[in-house]
Amino acid sequence: MENKTVDILDIPFYRTTQERFIDELLRDAENEYRRFVVTANPEIVMSAKNDIEFKKVVQQADYITADGIGIIMAAEKLGLPLSERVTGFDTMIGILKQAADKKMKIFFLGAKPEVSKALPVMLSKNYPELEVVGCRHGYFTEEENEAIVAEIQAGEPDFIFVALGSPTQEKWIESHLSAFSKGIFMGVGGSFDILSGTVKRAPKIMIKLRLEWLYRIATNPSRWRRFLALPRFFACCESRKKAA
Ligand code: UDP
């Protein structure tokens with residue numbers, strides 16, 4: 001039988017396609033399961049490699065998908081290819097498109113206060129039937145955590161998108177998950193900024209040419225440091241392969 005995951009630097013990546021994954025999460029939600037989803041790029045893999053506590057957090061996830069062309073390329077090199085990128089943004093959009101028909105409730109946690117405020121306006125325009133049970137910005141203190149958990153519990157959402165940036169969002173989900181009996185919790189990074197129209201995603205042609213990372217550096221030069229993780233990531237994959 002084919003393995004369900006491909007291991008890259010101790011992170012087990014789920015073998016699926018974008019479409020299949022969206023369907024699987026919707027089925028999980030229908031069954032009222034509780035799930036923790038990480039969509040990981042090379043940066044996350046490298047953070048996990050350098051931080052054992054964070055690695056344990058990521059390894060708690062029910063699904064880890066390949067959010068980044070670097071992961072796909074590393075899997076190809078290992079001879080255990082992953083079909084395609086399964087990104088946090090596209091997964092979220094796929095869910096939002098079907099959520100109303102399936103009577104699913106959504107909670108949005110994270111992003112700047114102004115983005116969080118703009119989000120419901122944009123959602124009601126583009127997804128008029130969507131049931132949003134909460135929209136809370138991501139700049140809160142430790143003391144406010146309890147109230148946020150209570151707000152999510154009260155809304156009984158089927159999907160909770162957490163946009164606090166990595167690794168904060170994964171740590172937040174992992175440490176609060178046990179407070180909930182159901183819900184699909186997924187870290188989505190800067191996705192609300194794009195969803196609300198505050199930030200633009202790369203043009204489709206660049207995504208197709210595997211150049212989304214270049215667009216992100218060009219439009220947000222302060223991010224360039226993060227991309228240093230990429231050559232280190234490939235070097236680590238290569239040396240692990242040689243050692244195997
Ligand atoms: N953010 C937040 N609270 C924080 C720090 C960041 O809600 O304390 C939000 C930020 O406004 C942005 C997202 O988290 O919407 C992080 O986006 P980024 O693109 O940096 O994340 P990445 O995709 O790299 O994980």
(request) Round to the nearest 10 and give me the degree value, 0 to 90, for the angle of helix 229-243's Cα axis relative to the longest principal axis of the chain. (result) 50
(request) Using θ = phi - 60° and the Karplus relation 6.51 cos²θ - 1.76 cosθ + 1.60, list the HN-Hα couplings for segment 194-210 in order, rounded to whole Hz, with x at every Gly or Pro. (result) 6, 4, 7, x, 6, 10, 9, 7, 4, x, 3, 4, 5, 4, 5, 7, 6
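Of 97/204; 97/125; 204/241; 56/77; 112/171; 125/200, which ones are farther than 21 Å apart at the Cα? It would help to have the intermediate numbers written out before the result.
Working: 97/204 19 Å; 97/125 13 Å; 204/241 33 Å; 56/77 25 Å; 112/171 19 Å; 125/200 18 Å.
Beyond 21 Å between Cα atoms: 204/241; 56/77.
Find how much the distance from residue 181 to residue 131 grows on full extension, using 0.36 nm per residue of separation minus their present alpha carbon separation; answer in nm with one decimal. Write down the numbers at each step before the final one.
On the way: separation 50, 0.36 × 50 = 18.00 nm, distance 1.96 nm.
Separation in residues times 0.36 nm, less the Cα-Cα distance, equals 16.0 nm.
Given a cut-off of 12 Å, what percent of all Cα-Cα pairs of segment 1-50 lie beyond it? Before the final figure, lay out the partial values.
Details: 880 of 1225 pairs.
For segment 1-50, the fraction of Cα-Cα distances above 12 Å is 72 percent.
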(request) Would you list the P(r) distribution for segment 151-205, with all Cα-Cα distances sorted into 10 Å bins from 0 and each bin expressed as a whole %? (result) 22, 44, 26, 7, 0
(message) To test your reading of the geometry: what angle, between 0 and 90 degrees and rounded to tens, separates the Cα axis of helix 145-155 from the longest principal axis of the chain?
(response) 70
(message) How big is segment 100-149 along each principal axis, measuring the range of its Cα positions in Å and listing the largest first?
(response) 36, 21, 10
(message) Would segment 112-242 count as rounded, prolate or oblate if I go by the C-alpha gyration tensor, calling it rounded below 1.5 in a/c and otherwise prolate when a/b exceeds b/c, oblate otherwise?
(response) oblate
(message) So if I take the centroid of the Cα atoms in segment 130-177 and the same for segment 1-53, what is the distance between those two points in Å?
(response) 20
(message) I'd like the per residue volume of the convex hull spanned by the Cα atoms of the chain, given in cubic angstrom.
(response) 133
(request) Give me the distance between the Cα centres of segment 59-77 and segment 190-230, rounded to whole Å. (result) 18
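Just subtract the alpha-carbon distance of residue 198 and residue 112 from 0.36 nm times their residue separation and send over the number in nm, one decimal. Write down the numbers at each step before the final one.
Working: separation 86, 0.36 × 86 = 30.96 nm, distance 1.05 nm.
Stretched out fully, the residue 198 to residue 112 stretch lengthens by 29.9 nm.
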(message) Output needed for segment 3-118: three equivalent-ellipsoid semi-axes, defined as square roots of 5 times the C-alpha gyration tensor eigenvalues, in descending order, whole Å.
(response) 25, 18, 14
(request) Just check segment 172-244 against the gyration tensor rule for me: Cα atoms, a ≥ b ≥ c as the square roots of the eigenvalues, rounded for a/c under 1.5, and otherwise prolate or oblate depending on whether a/b exceeds b/c. (result) oblate
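Given 0.36 nm per residue, what is the gain on full extension from residue 238 to residue 121 after removing their alpha carbon distance, in nm? Spell out each step's value before the answer.
Details: separation 117, 0.36 × 117 = 42.12 nm, distance 4.68 nm.
Additional length available on full extension: 37.4 nm.
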(message) As I understand it, the value is the acute angle between the Cα axis of helix 88-99 and the longest principal axis of the Cα atoms of the chain; what does it come to in degrees, rounded to 10?
(response) 40
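Any idea what % of Cα-Cα pairs in segment 30-94 are farther than 14 Å? It would help to have the intermediate numbers written out before the result.
On the way: 1315 of 2080 pairs.
In whole percent, the long-distance tail amounts to 63.
Throughout, read-outs are computed from the coordinates displayed, never taken from laboratory work. The structure displayed is predicted, hence computed values, not measured ones.
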